[in-house]
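The next block holds one structure in the form of structure tokens; read it before the comments.
The values are calculated or read from the model by the stated rules, or taken from the named source; none is laboratory data. Because the structure is a prediction, the values reported are computed rather than measured. Cβ sites come from the backbone with ideal geometry, for glycine too, and all protein chains shown count toward neighbours. Just so you know, the surface numbers come from the protein's heavy atoms only, side chains and all, with ligands and any DNA or RNA stripped out. Shrake-Rupley method; radii C 1.70, N 1.55, O 1.52, S 1.80 Å.
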Amino acid sequence: MAFSLEKFIHSLDVRALPRVLQIQSGIYCQGSVYEMFGNECSLSTGEVIKVISFKINKLIARICENNEGSQFSAKVELPLNFPGLYKVVADKTPYVSIEEIARKVSIGPTRFGHPCFYSTEDIKLANFTIKYGEQITFNSVEEVNGTTAVNCVVVRNNQSHSFTLPLSQEGEFYECEDDQIYTLKEIAEWKIPKCRNRIVKLSNTLHVWDSSSPFPKNFDGCLILMPVYEVQAVMKFRKDIVHILSDLDVEVKDITDCYDIGSFLQPLSLEDIFERTSKEFPMVAEIMEGPSGSQKPYNLLSTGKEIIIYKKYQAARVLASEMRSDSSKRHFLIPMSYKGKFKRRPREFPTAYDLEIARSEKEQLHVVATKAFVSLHKELFSVSVGDQFLVQQCQTSEVLYEGRKKLLDVLACEQILSDSYKKVLLPMYMEGGFVEVVHDKKQYHLSEICKEFHLPFNVKVSVRDLSVEEDVLAAAPGLQFEEEITDSYLLISSASNPVESWEIPVYRLNILVHLLSKDVQTAVPPVTRTTVEEVSKEEYYMLRRYENLTLHPPPRPPKKPT
């Protein structure tokens, strides 16, 4: 049965990829969309393509003439970076099962991927009952013992109750109202269900009309959004990836079940390569689609170039952020082989408990108070702004509390006076503010800092890395080394001129390759080069999220007595 390409892609579950399609009608050549991506080709009747992925490329917006969205005006094409913040209007059409929600709604690890629904009737589980109208947050989809289910949470009386709902659970489920605001890109990636449009409302606080706006002057901010997908596909006799917009006027037929899918070139992502066994390395691959960039190693990864992939492994990096007060701070992953040197910068500590965590046997911690604190107990010290302390150790102290003696965790310090020292005790629950006084003028390599000090740790580049043309860290006003992480890498070199090898990250480079049946002359890689990698804000939070899953959190600081 033939469908329009648009209808087929809108209904396609990404988990069903890849799919082989045959063009049933339509030809597309003059002004082809492929020319926008540097390719020229046409889709003619009988052509066979293999769809490997798709994503929203742009949005078609129509102005709602009323809030019900029953009448619409002319269409307006909006890029995903179109400015403005929008509220999502809850869909009034119900979902009839958990399976439909999981199939049509984006559920994922970020805060955008936690949609909320309510049921029109009570749902009785083995040891829990979800009440009618109660907000259910969908956190993730996973398979347990061969059965796929959705991990959900209900908050009741300020307590979270976790449970799973099987895909077979039926009922009437409606979207909950969402009071968050989103960019168009965030809505496109997370908030437009498959086979449905999405009504949004421009946030009033930012709704200012000007002459460049594509909307009329009396526009009330209500839009209905329809996605146009960019489809990535492989053609029978081409080595590159072609990009097709889903609103192409062609009809297609799904012939996956009766076609030899292995007759196409097999595009592989870096994740696919990393999942191969160590015995399969080294291997030669040709780039089908690579990143843009003239700097090494990105210039080795342009479309059509051949590379040698020597091995896969885990490598250590230090996650660092610029010390800036504004939102434009940058984030970096620094390899241990970085050849620059660093000088220490003062650290800031919001509580006495943070002083205890930062205390080390190597040197005495010297701090200045930046916030006053009045102690509730006469046995403990009250702090004034400007007081200086040498931090000693954590201990317990007996204090009088409501006429009774009580033991409290305290931090023993020496207050620095003009000509002497005074022993004082600070309550561990103390909420104050301290800044470090740095006496150490030594210059450190990155590996020395990780070995000798606790992270987070504040530094500034004192000697830049002379082995690279441009050291991006040298321009930073200051850096905070936040944590040491382990990440996945592939070691690659140019196949035509393998004079040096480079580490490339597996999960942050969008590359497709296909393997070549060529022998590698030597399995020993040439000298290895590494680079400081700047990561986006989204990548930074994902790195912190997944790294922190493996760490045990520190104990909570003591509570302030009531």
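Only Cα pairs under 8 Å and at least 6 apart count here; give the relative contact order of region 348-436 as a rounded whole percent.
38 percent
Heavy-atom accessible area per residue, the chain, 1.4 Å probe: how many Å²?
Accessible area per residue: 54 Å².
Report the full-extension gain for the segment GLN22 to CYS116: residue separation times 0.36 nm, less the Cα-Cα distance, to one decimal in nm.
Using 0.36 nm per residue and subtracting the Cα-Cα distance, I get 30.0 nm.
I'd like the orientation of helix 537-548 relative to the chain: the angle between its Cα long axis and the longest Cα principal axis, in ° from 0 to 90, rounded to 10.
Value to nearest ten degrees: 60.
Between the DSSP loop rule and a limit of at most 14 other Cβ atoms within 10 Å, which trypsin sites (Lys or Arg not before Pro) in region 103-186 are left?
Listed in order of number, the matching sites are LYS131.
Can you list residues whose amide H is under 5 Å from ASP91's amide H, if they're 5+ apart or on another chain and H is modeled 1.01 Å from N?
Close amide H contacts, sequence-distant or interchain: GLU175.
Sorting VAL96, VAL391 by accessible area (1.4 Å probe), largest first, what list results?
Ranking VAL96, VAL391 by accessible area, largest first, yields VAL96, VAL391.
Residue by residue through region 92-101, which ³J(HN,Hα) values in whole Hz follow from phi under the Karplus form 6.51 cos²θ - 1.76 cosθ + 1.60 (θ = phi - 60°), with glycine and proline marked x?
8, 8, x, 9, 9, 7, 5, 4, 5, 5
Of the options PHE453, ALA285, SER53, report the single residue whose Cα projects farthest towards the positive end of the charge dipole of the chain (beta-carbon charges: Lys, Arg +1; Asp, Glu -1).
The listed residue farthest towards the positive side: PHE453.
Whenever you get a sec, compute what percent of the accessible area on the chain sits on carbon and sulfur atoms (1.4 Å probe).
49 percent
Which listed residue (PHE264, LEU319, VAL437) has the Cα farthest towards the positive end of the charge dipole for the chain, taking +1 on Lys and Arg C-beta and -1 on Asp and Glu C-beta about the Cα centre?
My answer, from the dipole projection, is VAL437.
Report the extension gain between ASP354 and THR486 in nm, rounded to one decimal, defined as 0.36 nm multiplied by the number of residues separating them, less their alpha carbon distance.
Value of the extension gain: 45.0 nm.
Spelling out what I want: for every residue of region 241-247, take phi, set θ = phi - 60°, compute 6.51 cos²θ - 1.76 cosθ + 1.60 (Karplus), and round to whole Hz; glycine and proline get x.
8, 9, 10, 10, 7, 5, 8
Assuming R0 = 56 Å, can you tell me the calculated FRET efficiency for the pair SER382 and SER263, based on Cβ-Cβ distance, to the nearest 0.05?
For SER382 and SER263, the calculated efficiency is 0.10.
Give the accessible area for GLU121 in Å² (nearest 10); use a 1.4 Å probe, count only protein heavy atoms, and leave out ligands, DNA and RNA.
Answer for GLU121: close to 100 Å² accessible.
Shape call for region 139-293 from the C-alpha gyration tensor, a ≥ b ≥ c root eigenvalues: rounded (a/c under 1.5), prolate (a/b greater than b/c) or oblate?
Since a/c reaches 1.5 but b/c is at least a/b, the shape of region 139-293 is classed as oblate.
Region 465-531: which trypsin sites (Lys or Arg not before Pro) are DSSP loop and have at most 13 other beta-carbon atoms within 10 angstrom?
LYS518
Using the crude model of +1 on Lys and Arg Cβ and -1 on Asp and Glu Cβ, and no other charge, please compute the dipole size for the chain relative to its Cα centre, in debye to 20.
Computed about the Cα centre, the dipole is about 1220 debye.
Long-range amide H contacts for SER375: which residues qualify at under 5 Å (H placed 1.01 Å from N, peptide plane, sequence gap of 5 or more or a different chain)?
SER382, VAL383
Run the numbers on the chain and let me know its relative contact order in percent, using alpha-carbon pairs under 8 Å that are six or more apart.
With pairs under 8 Å counted, the relative contact order is 15 percent.
Which of rounded, prolate, oblate describes region 91-176, given a ≥ b ≥ c as roots of the alpha-carbon gyration tensor eigenvalues and a/c under 1.5 marking rounded, otherwise prolate only if a/b is larger than b/c?
Rounded, since a/c falls under 1.5.
Given a cut-off of under 8 Å on Cα pairs at least six residues apart, what relative contact order in percent is computed for region 91-176?
Worked out over region 91-176, it gives 38 percent.
What are the ³J(HN,Hα) couplings of region 498-510, residue after residue, when phi is run through the Karplus curve with 6.51, -1.76, 1.60 and θ = phi - 60°? Round to Hz, x for glycine and proline.
x, 8, 8, 10, 10, 7, 10, x, 6, 9, 10, 10, 8
Kindly sort GLU500, GLU306 by accessible area of their heavy atoms, largest first, with the probe set to 1.4 Å.
GLU306, GLU500
State which entries of LYS124/LYS194; LYS7/LYS239; LYS339/LYS451; LYS191/LYS236 exceed 24 angstrom in Cα-Cα distance in the structure shown.
Cα-Cα > 24 Å for LYS124/LYS194; LYS7/LYS239; LYS191/LYS236; rest within.
For THR528, tell me the accessible area in Å² from a 1.4 Å probe, rounded to the nearest 10.
We get 70 Å² for THR528.
On the full set of protein chains, 1.4 Å probe, figure out the accessible area of SER328 and give it in Å² to the nearest 10.
About 60 Å², ignoring ligands and nucleic acids.
Under 5 Å between amide H atoms, partner at least 5 residues away or on a different chain: which partners does ALA474 have, H built in plane at 1.01 Å?
Amide H neighbours of ALA474: none.
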